[in-house]
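Everything on this sheet refers to the single structure shown next.
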Amino acid sequence: MSQARLASCVPLPLENKVLVNVIEKAKDWALMHGVGMRDRKHFNKDVIQIAPFVLLPSPFPRTEFMKAVELQPVLNELMHKVAHDDQFLEQTLQNALQVDEFTKNLYDIWVKVRNEGITQSLCLGLFRSDYLMQRDGNKIKQVEFNTIASSFGAITSNLPAMFRYILRSMGYGDIIKNMPENRALSGLCAGIIEAYDLFGVPDSLVLFVVEEVSYNICDQRFHEFHITEARPDIMVIRKTLCEIYEETELNDKKQLLLEGKPVAVVYYRSGYEPAQYPSSREWDARLRVERSSAIKCPSIHYQLAGTKKVQQALAIPGALEKFMGAGASSGRVRDIFTGLYSLDFDEAGERALEMAIADAERFVLKPQREGGGNNLYGEDVREALLRMRHSRERAAYILMERILPPLVSGYVVRPGAPVPPPLTDLVSELGIFGVIIGTKDKIYSNRQVGHMLRTKLADANEGGVAAGLGALDSPYLLDM
Ligand code: ADP
Ligand code: MG
(Lines give C-alpha, C1' and ligand atoms only; values in the text may rest on other atoms or scores of the structure.)
(Ligands and ions follow the chains in the order given, each with its own letter.)
Protein backbone atom coordinates (compact mmCIF):
# COMPACT_ATOMS: atom_id res chain seq x y z
CA MET A 1 0.00 0.00 0.00
CA SER A 2 1.43 3.33 -0.88
CA GLN A 3 1.26 6.08 1.68
CA ALA A 4 2.59 9.53 0.98
CA ARG A 5 2.16 11.02 4.45
CA LEU A 6 2.65 9.64 7.97
CA ALA A 7 0.37 10.70 10.84
CA SER A 8 2.02 13.06 13.34
CA CYS A 9 2.23 12.01 16.99
CA VAL A 10 -0.27 14.67 18.13
CA PRO A 11 -2.99 16.52 16.21
CA LEU A 12 -1.59 19.49 14.26
CA PRO A 13 -1.56 22.44 13.84
CA LEU A 14 -0.99 23.60 17.39
CA GLU A 15 -2.63 26.76 18.63
CA ASN A 16 -0.29 29.75 18.43
CA LYS A 17 -0.31 30.36 22.17
CA VAL A 18 0.54 26.72 22.93
CA LEU A 19 3.24 26.75 20.28
CA VAL A 20 4.99 29.88 21.54
CA ASN A 21 4.89 28.61 25.11
CA VAL A 22 6.20 25.12 24.38
CA ILE A 23 8.95 26.38 22.07
CA GLU A 24 10.29 28.62 24.80
CA LYS A 25 10.42 25.68 27.19
CA ALA A 26 11.94 23.38 24.58
CA LYS A 27 14.68 25.87 23.70
CA ASP A 28 15.68 26.22 27.33
CA TRP A 29 15.71 22.45 27.77
CA ALA A 30 17.87 22.13 24.67
CA LEU A 31 20.35 24.80 25.76
CA MET A 32 20.68 23.37 29.24
CA HIS A 33 21.26 19.80 28.04
CA GLY A 34 23.74 20.48 25.28
CA VAL A 35 21.41 20.18 22.28
CA GLY A 36 23.60 22.94 20.94
CA MET A 37 26.16 24.12 18.46
CA ARG A 38 28.53 26.97 17.91
CA ASP A 39 27.35 29.78 15.69
CA ARG A 40 29.07 29.85 12.29
CA LYS A 41 28.12 33.44 11.51
CA HIS A 42 29.15 35.04 14.79
CA PHE A 43 31.68 32.55 16.05
CA ASN A 44 32.45 32.87 19.72
CA LYS A 45 33.90 29.99 21.71
CA ASP A 46 32.11 31.21 24.83
CA VAL A 47 28.67 30.84 23.31
CA ILE A 48 26.59 27.77 22.46
CA GLN A 49 23.25 28.22 20.74
CA ILE A 50 20.50 25.68 20.20
CA ALA A 51 21.06 23.18 17.42
CA PRO A 52 18.10 23.10 15.00
CA PHE A 53 15.53 20.57 16.20
CA VAL A 54 11.96 19.57 15.45
CA LEU A 55 9.44 20.42 18.12
CA LEU A 56 7.81 16.98 18.12
CA PRO A 57 9.31 13.55 17.41
CA SER A 58 8.63 12.48 13.82
CA PRO A 59 6.64 9.32 13.11
CA PHE A 60 8.53 6.26 11.88
CA PRO A 61 7.07 2.77 11.30
CA ARG A 62 8.12 0.45 14.11
CA THR A 63 8.75 -2.54 11.85
CA GLU A 64 11.13 -0.60 9.61
CA PHE A 65 12.94 0.86 12.61
CA MET A 66 13.38 -2.62 14.11
CA LYS A 67 14.56 -3.94 10.76
CA ALA A 68 17.32 -1.31 10.65
CA VAL A 69 18.30 -2.04 14.25
CA GLU A 70 18.51 -5.77 13.62
CA LEU A 71 20.49 -5.36 10.42
CA GLN A 72 23.22 -3.24 12.00
CA PRO A 73 25.48 -6.07 13.26
CA VAL A 74 25.07 -7.77 9.87
CA LEU A 75 26.18 -4.59 8.11
CA ASN A 76 29.03 -4.03 10.59
CA GLU A 77 30.41 -7.46 9.81
CA LEU A 78 29.91 -7.02 6.08
CA MET A 79 31.88 -3.77 6.08
CA HIS A 80 34.57 -5.32 8.26
CA LYS A 81 35.00 -8.10 5.73
CA VAL A 82 34.96 -5.72 2.79
CA ALA A 83 37.67 -3.60 4.43
CA HIS A 84 39.86 -6.67 4.83
CA ASP A 85 39.46 -7.87 1.26
CA ASP A 86 42.42 -6.16 -0.42
CA GLN A 87 41.55 -7.39 -3.85
CA PHE A 88 37.94 -6.25 -3.69
CA LEU A 89 38.92 -2.76 -2.53
CA GLU A 90 41.62 -2.51 -5.20
CA GLN A 91 39.32 -3.59 -7.96
CA THR A 92 36.41 -1.45 -6.81
CA LEU A 93 38.37 1.77 -6.39
CA GLN A 94 40.73 1.34 -9.34
CA ASN A 95 38.98 3.66 -11.82
CA ALA A 96 37.93 6.29 -9.30
CA LEU A 97 41.55 6.55 -8.11
CA GLN A 98 42.71 7.69 -11.53
CA VAL A 99 40.65 10.84 -11.27
CA ASP A 100 40.02 11.43 -7.57
CA GLU A 101 43.10 12.73 -5.82
CA PHE A 102 41.65 12.58 -2.30
CA THR A 103 40.70 8.91 -2.52
CA LYS A 104 44.05 8.23 -4.19
CA ASN A 105 45.91 9.81 -1.25
CA LEU A 106 44.03 7.62 1.22
CA TYR A 107 44.59 4.60 -0.96
CA ASP A 108 48.33 5.27 -1.26
CA ILE A 109 48.68 5.40 2.52
CA TRP A 110 46.82 2.11 2.79
CA VAL A 111 49.14 0.44 0.24
CA LYS A 112 52.27 1.89 1.81
CA VAL A 113 51.35 0.75 5.33
CA ARG A 114 50.41 -2.70 4.06
CA ASN A 115 53.71 -3.07 2.26
CA GLU A 116 55.62 -2.05 5.36
CA GLY A 117 53.69 -4.60 7.43
CA ILE A 118 50.65 -3.78 9.54
CA THR A 119 51.63 -2.80 13.10
CA GLN A 120 48.13 -2.86 14.56
CA SER A 121 45.75 -5.47 13.23
CA LEU A 122 42.85 -4.46 15.51
CA CYS A 123 40.33 -2.04 14.02
CA LEU A 124 37.62 -0.06 15.76
CA GLY A 125 34.54 0.91 13.77
CA LEU A 126 32.00 3.41 15.08
CA PHE A 127 29.67 3.20 12.12
CA ARG A 128 26.34 4.71 11.14
CA SER A 129 24.07 3.32 8.47
CA ASP A 130 21.64 5.92 7.08
CA TYR A 131 18.18 5.31 5.63
CA LEU A 132 15.34 7.10 3.97
CA MET A 133 11.99 5.42 3.58
CA GLN A 134 10.69 4.93 0.08
CA ARG A 135 7.19 6.45 0.16
CA ASP A 136 5.80 3.77 -2.09
CA GLY A 137 5.34 1.07 0.58
CA ASN A 138 7.29 2.85 3.35
CA LYS A 139 10.27 0.52 3.28
CA ILE A 140 13.71 1.69 4.40
CA LYS A 141 16.40 2.13 1.75
CA GLN A 142 20.04 2.70 2.61
CA VAL A 143 21.35 6.18 1.76
CA GLU A 144 24.93 5.49 2.74
CA PHE A 145 27.15 3.75 5.26
CA ASN A 146 29.42 6.01 7.32
CA THR A 147 32.70 4.57 8.56
CA ILE A 148 34.38 7.80 9.67
CA ALA A 149 33.30 10.59 12.05
CA SER A 150 29.73 9.29 12.30
CA SER A 151 28.21 12.16 14.22
CA PHE A 152 25.23 13.07 16.41
CA GLY A 153 25.26 9.92 18.52
CA ALA A 154 25.89 12.07 21.57
CA ILE A 155 23.36 14.86 21.16
CA THR A 156 20.61 12.59 19.88
CA SER A 157 20.97 10.38 22.97
CA ASN A 158 19.45 13.34 24.86
CA LEU A 159 16.50 13.80 22.56
CA PRO A 160 14.06 11.20 23.92
CA ALA A 161 14.23 13.02 27.28
CA MET A 162 13.66 16.36 25.57
CA PHE A 163 10.62 15.06 23.71
CA ARG A 164 9.26 13.45 26.88
CA TYR A 165 9.46 16.85 28.55
CA ILE A 166 7.79 18.58 25.60
CA LEU A 167 4.99 16.03 25.22
CA ARG A 168 4.28 15.92 28.96
CA SER A 169 4.14 19.68 29.19
CA MET A 170 1.56 19.62 26.40
CA GLY A 171 -0.52 17.01 28.21
CA TYR A 172 0.51 14.04 26.06
CA GLY A 173 2.41 12.05 28.70
CA ASP A 174 0.50 8.90 27.71
CA ILE A 175 2.16 8.59 24.30
CA ILE A 176 5.81 8.86 25.32
CA LYS A 177 5.99 5.07 25.49
CA ASN A 178 6.26 5.08 21.69
CA MET A 179 9.69 6.71 21.74
CA PRO A 180 12.57 4.24 21.95
CA GLU A 181 15.39 5.03 24.39
CA ASN A 182 18.64 5.94 22.72
CA ARG A 183 21.94 4.90 24.28
CA ALA A 184 24.15 5.76 21.33
CA LEU A 185 26.55 7.87 23.38
CA SER A 186 27.35 5.24 25.99
CA GLY A 187 27.46 2.54 23.30
CA LEU A 188 29.92 4.42 21.12
CA CYS A 189 32.09 5.33 24.10
CA ALA A 190 32.05 1.70 25.27
CA GLY A 191 33.60 0.85 21.89
CA ILE A 192 36.44 3.32 22.43
CA ILE A 193 36.98 2.06 25.99
CA GLU A 194 37.00 -1.57 24.89
CA ALA A 195 39.58 -0.80 22.22
CA TYR A 196 41.64 1.06 24.85
CA ASP A 197 41.61 -2.00 27.09
CA LEU A 198 42.57 -4.30 24.23
CA PHE A 199 45.53 -2.01 23.55
CA GLY A 200 46.43 -2.78 27.12
CA VAL A 201 49.13 -0.23 27.92
CA PRO A 202 48.60 1.56 31.25
CA ASP A 203 48.74 5.34 31.12
CA SER A 204 48.19 5.46 27.37
CA LEU A 205 45.95 8.08 25.73
CA VAL A 206 42.84 8.41 23.60
CA LEU A 207 43.40 10.96 20.84
CA PHE A 208 40.47 12.72 19.15
CA VAL A 209 41.38 14.13 15.75
CA VAL A 210 39.41 17.36 15.42
CA GLU A 211 38.92 20.25 12.99
CA GLU A 212 40.59 23.65 13.44
CA VAL A 213 37.20 24.94 14.60
CA SER A 214 34.56 22.55 15.93
CA TYR A 215 31.06 23.92 15.43
CA ASN A 216 29.53 20.62 16.47
CA ILE A 217 31.36 20.82 19.77
CA CYS A 218 28.63 19.40 22.02
CA ASP A 219 28.45 16.16 20.11
CA GLN A 220 32.24 15.73 20.35
CA ARG A 221 32.74 16.85 23.94
CA PHE A 222 29.98 14.55 25.25
CA HIS A 223 32.08 11.58 24.10
CA GLU A 224 35.05 12.95 25.97
CA PHE A 225 33.01 13.70 29.12
CA HIS A 226 31.41 10.27 29.04
CA ILE A 227 34.71 8.42 28.64
CA THR A 228 36.46 10.31 31.42
CA GLU A 229 33.47 9.89 33.74
CA ALA A 230 33.23 6.15 33.08
CA ARG A 231 36.99 5.67 33.20
CA PRO A 232 38.89 8.30 35.14
CA ASP A 233 42.14 6.52 34.27
CA ILE A 234 41.75 7.37 30.57
CA MET A 235 43.04 10.71 29.36
CA VAL A 236 41.37 12.10 26.22
CA ILE A 237 43.30 14.66 24.17
CA ARG A 238 41.98 16.64 21.18
CA LYS A 239 44.39 17.58 18.37
CA THR A 240 44.14 18.73 14.77
CA LEU A 241 46.02 16.80 12.08
CA CYS A 242 48.47 19.67 11.90
CA GLU A 243 49.13 19.49 15.65
CA ILE A 244 49.56 15.74 15.36
CA TYR A 245 52.20 16.39 12.70
CA GLU A 246 54.02 18.78 15.02
CA GLU A 247 53.58 17.11 18.38
CA THR A 248 53.72 13.36 17.89
CA GLU A 249 56.46 10.87 17.03
CA LEU A 250 56.84 7.15 16.51
CA ASN A 251 59.20 5.27 18.81
CA ASP A 252 61.07 2.09 17.89
CA LYS A 253 58.04 -0.01 18.89
CA LYS A 254 55.95 2.09 16.45
CA GLN A 255 54.01 3.55 19.36
CA LEU A 256 52.53 6.95 18.58
CA LEU A 257 53.85 9.18 21.34
CA LEU A 258 52.06 12.36 22.41
CA GLU A 259 53.27 14.28 25.44
CA GLY A 260 55.58 11.36 26.08
CA LYS A 261 52.75 8.84 26.34
CA PRO A 262 51.64 6.16 23.89
CA VAL A 263 48.33 6.68 22.11
CA ALA A 264 46.01 3.69 22.45
CA VAL A 265 43.08 4.81 20.30
CA VAL A 266 42.82 7.49 17.61
CA TYR A 267 39.23 8.62 17.03
CA TYR A 268 38.80 10.71 13.87
CA ARG A 269 36.17 13.45 13.98
CA SER A 270 38.02 15.14 11.14
CA GLY A 271 40.00 13.82 8.19
CA TYR A 272 37.09 12.77 5.98
CA GLU A 273 37.23 15.57 3.38
CA PRO A 274 39.94 17.24 1.28
CA ALA A 275 39.65 20.65 3.00
CA GLN A 276 40.81 18.97 6.22
CA TYR A 277 44.17 18.24 4.54
CA PRO A 278 45.26 21.75 3.45
CA SER A 279 48.97 20.79 3.15
CA SER A 280 51.28 17.80 3.00
CA ARG A 281 51.69 18.01 6.79
CA GLU A 282 48.17 16.70 7.41
CA TRP A 283 48.81 13.81 5.04
CA ASP A 284 52.13 13.09 6.77
CA ALA A 285 50.31 13.09 10.10
CA ARG A 286 47.74 10.65 8.76
CA LEU A 287 50.49 8.37 7.47
CA ARG A 288 52.27 8.48 10.84
CA VAL A 289 49.10 7.53 12.68
CA GLU A 290 48.39 4.68 10.25
CA ARG A 291 51.93 3.37 10.67
CA SER A 292 51.61 3.38 14.45
CA SER A 293 50.44 0.73 16.86
CA ALA A 294 47.46 2.87 17.92
CA ILE A 295 44.03 1.40 17.21
CA LYS A 296 42.50 3.65 14.58
CA CYS A 297 38.82 4.54 14.44
CA PRO A 298 38.64 4.14 11.57
CA SER A 299 41.76 2.53 10.16
CA ILE A 300 42.29 3.63 6.60
CA HIS A 301 40.80 0.52 5.00
CA TYR A 302 37.57 1.07 6.94
CA GLN A 303 37.49 4.58 5.51
CA LEU A 304 38.02 3.21 1.99
CA ALA A 305 35.28 0.63 2.56
CA GLY A 306 32.93 3.51 3.40
CA THR A 307 33.24 5.12 -0.04
CA LYS A 308 30.20 5.48 -2.25
CA LYS A 309 32.02 3.39 -4.86
CA VAL A 310 32.11 0.41 -2.51
CA GLN A 311 28.41 0.85 -1.73
CA GLN A 312 27.69 0.70 -5.45
CA ALA A 313 29.94 -2.33 -5.97
CA LEU A 314 28.13 -4.22 -3.21
CA ALA A 315 24.89 -3.81 -5.12
CA ILE A 316 26.26 -5.70 -8.14
CA PRO A 317 24.61 -9.15 -8.28
CA GLY A 318 26.77 -11.70 -6.49
CA ALA A 319 28.82 -9.22 -4.45
CA LEU A 320 26.91 -9.61 -1.20
CA GLU A 321 26.89 -13.37 -1.56
CA LYS A 322 30.68 -13.31 -1.90
CA PHE A 323 30.96 -11.79 1.58
CA MET A 324 27.89 -13.19 3.30
CA GLY A 325 27.07 -16.42 1.54
CA ALA A 326 23.80 -17.05 -0.25
CA GLY A 327 21.65 -17.32 2.91
CA ALA A 328 18.83 -15.15 4.17
CA SER A 329 21.11 -12.37 5.43
CA SER A 330 22.29 -11.33 2.01
CA GLY A 331 18.67 -11.16 0.88
CA ARG A 332 17.79 -8.90 3.81
CA VAL A 333 20.68 -6.60 2.97
CA ARG A 334 19.84 -6.57 -0.73
CA ASP A 335 16.31 -5.48 0.21
CA ILE A 336 17.56 -2.21 1.66
CA PHE A 337 19.54 -1.29 -1.45
CA THR A 338 18.07 1.03 -4.00
CA GLY A 339 19.33 1.26 -7.59
CA LEU A 340 23.11 1.92 -7.59
CA TYR A 341 25.06 2.24 -10.83
CA SER A 342 28.69 2.65 -11.81
CA LEU A 343 29.62 5.23 -14.45
CA ASP A 344 32.77 3.41 -15.59
CA PHE A 345 33.60 3.24 -19.30
CA ASP A 346 31.96 -0.08 -20.01
CA GLU A 347 28.61 -1.31 -21.22
CA ALA A 348 26.89 -1.03 -17.84
CA GLY A 349 28.35 2.44 -17.29
CA GLU A 350 27.13 3.66 -20.69
CA ARG A 351 23.67 2.29 -20.02
CA ALA A 352 23.49 4.02 -16.64
CA LEU A 353 24.70 7.30 -18.14
CA GLU A 354 22.10 7.28 -20.91
CA MET A 355 19.35 6.30 -18.47
CA ALA A 356 20.18 9.24 -16.17
CA ILE A 357 20.53 11.77 -18.97
CA ALA A 358 17.09 10.76 -20.22
CA ASP A 359 15.42 10.96 -16.78
CA ALA A 360 17.66 12.97 -14.45
CA GLU A 361 14.98 13.64 -11.82
CA ARG A 362 15.04 9.97 -10.86
CA PHE A 363 18.69 10.03 -9.76
CA VAL A 364 21.32 11.46 -7.43
CA LEU A 365 24.90 11.80 -8.69
CA LYS A 366 27.48 11.22 -5.95
CA PRO A 367 31.24 11.80 -5.88
CA GLN A 368 33.55 9.96 -3.43
CA ARG A 369 32.99 12.52 -0.69
CA GLU A 370 31.62 12.74 2.84
CA GLY A 371 30.18 15.50 4.93
CA GLY A 372 27.21 16.69 2.87
CA GLY A 373 26.73 19.19 0.08
CA ASN A 374 28.64 17.26 -2.58
CA ASN A 375 25.87 15.42 -4.44
CA LEU A 376 24.01 16.59 -7.52
CA TYR A 377 20.26 16.40 -8.10
CA GLY A 378 17.78 16.85 -10.94
CA GLU A 379 18.85 19.07 -13.82
CA ASP A 380 22.39 19.30 -12.38
CA VAL A 381 22.71 15.54 -12.83
CA ARG A 382 21.92 15.83 -16.53
CA GLU A 383 24.27 18.77 -17.03
CA ALA A 384 27.15 17.08 -15.22
CA LEU A 385 26.70 13.83 -17.13
CA LEU A 386 26.55 15.61 -20.49
CA ARG A 387 29.73 17.47 -19.58
CA MET A 388 31.57 14.33 -18.34
CA ARG A 389 30.21 11.94 -20.96
CA HIS A 390 33.58 11.45 -22.66
CA SER A 391 35.79 12.29 -19.70
CA ARG A 392 37.47 9.87 -17.31
CA GLU A 393 36.24 12.10 -14.52
CA ARG A 394 32.89 10.34 -14.53
CA ALA A 395 34.42 7.21 -12.95
CA ALA A 396 34.79 9.17 -9.70
CA TYR A 397 30.99 9.31 -9.40
CA ILE A 398 28.23 6.83 -8.78
CA LEU A 399 24.64 7.15 -9.79
CA MET A 400 21.93 6.37 -7.28
CA GLU A 401 18.21 6.14 -7.62
CA ARG A 402 16.55 9.00 -5.78
CA ILE A 403 14.56 7.89 -2.74
CA LEU A 404 11.30 9.78 -2.21
CA PRO A 405 10.35 9.57 1.46
CA PRO A 406 6.84 9.97 2.90
CA LEU A 407 5.98 13.42 4.23
CA VAL A 408 5.39 14.30 7.85
CA SER A 409 4.05 17.60 9.15
CA GLY A 410 6.01 19.43 11.80
CA TYR A 411 7.63 22.52 13.22
CA VAL A 412 11.37 23.18 12.94
CA VAL A 413 12.91 25.25 15.72
CA ARG A 414 16.03 27.10 14.56
CA PRO A 415 18.34 29.48 16.38
CA GLY A 416 17.36 33.07 15.67
CA ALA A 417 14.29 32.17 13.57
CA PRO A 418 10.91 33.86 14.16
CA VAL A 419 8.58 32.12 16.65
CA PRO A 420 6.22 30.50 16.01
CA PRO A 421 7.62 28.72 12.95
CA PRO A 422 5.27 27.67 10.16
CA LEU A 423 3.84 24.16 10.02
CA THR A 424 5.85 22.55 7.21
CA ASP A 425 6.18 19.35 5.22
CA LEU A 426 9.23 17.43 6.39
CA VAL A 427 11.06 14.19 5.62
CA SER A 428 13.23 12.17 8.01
CA GLU A 429 16.46 10.22 7.63
CA LEU A 430 17.21 7.47 10.15
CA GLY A 431 20.75 6.59 11.19
CA ILE A 432 21.63 3.46 13.16
CA PHE A 433 24.91 3.33 15.06
CA GLY A 434 27.06 0.24 15.20
CA VAL A 435 30.29 -0.69 16.96
CA ILE A 436 32.70 -3.34 15.76
CA ILE A 437 36.14 -4.30 17.03
CA GLY A 438 38.23 -6.97 15.43
CA THR A 439 41.11 -8.16 13.31
CA LYS A 440 40.87 -9.75 9.91
CA ASP A 441 40.31 -13.15 11.49
CA LYS A 442 38.61 -12.45 14.79
CA ILE A 443 35.74 -10.20 15.75
CA TYR A 444 35.79 -9.25 19.43
CA SER A 445 32.62 -7.15 19.54
CA ASN A 446 29.84 -6.39 17.14
CA ARG A 447 26.65 -4.62 18.14
CA GLN A 448 24.02 -2.04 17.39
CA VAL A 449 24.22 0.79 19.91
CA GLY A 450 21.64 3.44 19.13
CA HIS A 451 20.10 5.69 16.53
CA MET A 452 19.60 9.21 15.28
CA LEU A 453 16.90 10.83 13.24
CA ARG A 454 17.34 14.05 11.35
CA THR A 455 14.62 15.81 9.54
CA LYS A 456 14.62 18.40 6.77
CA LEU A 457 12.16 20.40 4.71
CA ALA A 458 10.56 18.08 2.18
CA ASP A 459 11.78 20.14 -0.77
CA ALA A 460 15.44 20.38 0.36
CA ASN A 461 17.85 18.00 -1.36
CA GLU A 462 20.06 17.44 1.67
CA GLY A 463 19.57 17.70 5.39
CA GLY A 464 22.93 17.90 7.14
CA VAL A 465 22.38 19.31 10.64
CA ALA A 466 25.95 20.56 10.99
CA ALA A 467 25.57 22.18 7.56
CA GLY A 468 22.49 24.04 8.87
CA LEU A 469 19.93 22.27 6.69
CA GLY A 470 18.48 19.54 8.84
CA ALA A 471 17.02 19.41 12.32
CA LEU A 472 17.65 16.91 15.12
CA ASP A 473 14.84 14.50 15.77
CA SER A 474 14.02 11.18 17.42
CA PRO A 475 11.61 8.55 16.12
CA TYR A 476 8.05 8.21 17.34
CA LEU A 477 7.27 4.61 16.47
CA LEU A 478 4.06 3.87 14.62
CA ASP A 479 2.32 0.50 14.52
CA MET A 480 0.89 0.59 11.04
P1 ADP B 1 27.34 12.47 2.56
O2 ADP B 1 28.45 11.51 2.69
O3 ADP B 1 27.73 13.77 2.00
O4 ADP B 1 26.54 12.59 3.82
P5 ADP B 1 25.00 11.10 1.51
O6 ADP B 1 25.04 9.99 0.56
O7 ADP B 1 24.60 10.78 2.89
O8 ADP B 1 26.41 11.83 1.45
O9 ADP B 1 24.04 12.21 0.93
C10 ADP B 1 23.79 13.42 1.62
C11 ADP B 1 22.30 13.65 1.74
O12 ADP B 1 21.70 13.67 0.44
C13 ADP B 1 21.55 12.56 2.49
O14 ADP B 1 21.58 12.79 3.87
C15 ADP B 1 20.15 12.68 1.90
O16 ADP B 1 19.44 13.75 2.51
C17 ADP B 1 20.42 13.07 0.45
N18 ADP B 1 20.46 11.85 -0.40
C19 ADP B 1 21.55 11.07 -0.64
N20 ADP B 1 21.24 10.02 -1.42
C21 ADP B 1 19.93 10.13 -1.70
C22 ADP B 1 19.01 9.36 -2.47
N23 ADP B 1 19.39 8.26 -3.13
N24 ADP B 1 17.72 9.77 -2.53
C25 ADP B 1 17.33 10.89 -1.88
N26 ADP B 1 18.13 11.67 -1.14
C27 ADP B 1 19.43 11.29 -1.04
MG1 MG C 1 25.38 11.27 4.73
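The values are calculated or read from the model by the stated rules, or taken from the named source; none is laboratory data. Everything numeric here is computed off the predicted structure, so don't read it as measured data. All Cβ positions, glycine included, derive from the backbone under ideal geometry; neighbour counts span all protein chains shown. To get the accessible areas, we keep the full protein, side chains included, count just its heavy atoms, and leave off ligands, DNA and RNA. Shrake-Rupley method; radii C 1.70, N 1.55, O 1.52, S 1.80 Å.
Details
- Those residues of the range 252-264 which are open to solvent by 40 Å² or more (accessible area, probe 1.4 Å) and outside any strand (DSSP E or B), in sequence order: 252, 253, 254, 259, 260
- Single residue of the range 326-348 satisfying the filter (touching a Lys or Arg at 6+ places or on another chain (Cβ under 9 Å) and charged (D, E, K, R)) that is farthest from residue 314 (Cα to Cα): 344
- Filter result for the condition that a residue is of a type outside the set (Ser, Thr, Tyr) and assigned to a strand (DSSP E or B), over 243, 249: 249
- The set of residues from the range 135-144 being crowded, with 20+ Cβ neighbours inside 10 Å and away from ligand 2 (no atom under 16 Å from the Cβ) comprises just one member, 138.
- Annotation note: of 156, 119, 103, the sole residue that is in contact (Cβ under 8 Å) with a residue 60 or more places away in the chain, under 28 Å from residue 225 (Cα atoms) and either within 16 Å of ligand 2 (Cβ to nearest atom) or of a type outside the set (A, V, I, L, M, F, W, C) (or both) is 156.
- Subset of the range 38-89 that is of a type in the set (Val, Ile, Thr) and either touching a helix residue (DSSP H, G or I) at 6+ places or on another chain (Cβ under 6 Å) or outside any helix (DSSP H, G or I) (or both) - its residue that is nearest to residue 467 (Cα to Cα): 50
- Residue that is touching a helix residue (DSSP H, G or I) at 6+ places or on another chain (Cβ under 8 Å), open to solvent by less than 10 Å² (accessible area, probe 1.4 Å), farther than 30 Å from residue 176 by Cβ and not in a strand (DSSP E or B), where the choices are 382, 394: 394
- Counting residues in the range 244-257 that are touching a strand residue (DSSP E or B) at 6+ places or on another chain (Cβ under 7 Å), at pLDDT 95 or above, of a type in the set (Ser, Thr, Tyr) and farther than 26 Å from residue 187 by Cα gives one or more.
- Filtered by the rule that a residue be open to solvent by 10 Å² or more (accessible area, probe 1.4 Å), within 16 Å of ligand 2 (Cβ to nearest atom) and either over 14 Å from the mean Cα position of the chain (by Cα) or free of Cβ contacts under 8 Å to residues at least 24 places away in the same chain (or both), the range 428-480 gives 428, 456, 460, 461, 468, 469.
- For the range 163-204, filtering for residues that are hydrophobic (A, V, I, L, M, F, W, C), free of Cβ contacts under 8 Å to residues at least 60 places away in the same chain and over 23 Å from residue 60 (Cα atoms) leaves 2.
- 1 or more residues within 16 Å of ligand 2 (Cβ to nearest atom): qualifying strands (runs of 3 or more DSSP E) within the range 289-370: 340-342, 363-367
- Selection status of residue 206, more than 30 Å from residue 312 (Cβ to Cβ), at pLDDT 95 or above and not in a strand (DSSP E or B): no
- Where a residue in the range 78-92 is within 14 Å of residue 299 (Cβ to Cβ) and its partner, wherever it lies, is assigned to a helix (DSSP H, G or I) and of a type in the set (Ser, Thr, Tyr), with Cβ under 6 Å and at least six apart: 83/302
- Output for the range 1-32, where each listed residue is out of contact with any helix residue (DSSP H, G or I) (no Cβ under 9 Å at 6 or more places or on another chain), small (Gly, Ala, Ser) and either in a helix (DSSP H, G or I) or surrounded by 14 or more Cβ atoms within 10 Å (Cβ to Cβ) (or both): 7, 8
- Considering the range 145-168, and only residues there that are more than 15 Å from ligand 1 (Cβ to nearest atom), touching a helix residue (DSSP H, G or I) at 6+ places or on another chain (Cβ under 6 Å) and open to solvent by 20 Å² or more (accessible area, probe 1.4 Å), the residue that is farthest from residue 18 (Cα to Cα) turns out to be 157.
- Which numbered condition residue 337 misses (of (1) in contact (Cβ under 8 Å) with a residue 60 or more places away in the chain; (2) touching a Leu at 6+ places or on another chain (Cβ under 6 Å)): (2)
- Applying a threshold of 6 Å to beta carbon distances and a minimum spacing of six or more residues, or different chains, the list of pairs starting in the range 362-377 at a residue that is touching a residue at least 60 places away in the same chain (Cβ under 8 Å) and closer than 17 Å to residue 393 by Cβ and ending at one that is open to solvent by 30 Å² or more (accessible area, probe 1.4 Å) and more than 8 Å from ligand 1 (Cβ to nearest atom) reads 367/397.
- Listed by first and then second residue, the pairs with beta-carbon distance under 8 Å, at least 6 apart or on different chains, first residue in the range 123-148 and among the basic types (Lys, Arg), second within 10 Å of ligand 2 (Cβ to nearest atom) and part of a strand (DSSP E or B), are 128/145; 128/146; 128/431.
- Filter pass, residue 436 being more than 11 Å from ligand 1 (Cβ to nearest atom), farther than 30 Å from residue 174 by Cβ and of a type outside the set (Phe, Trp, Tyr): yes
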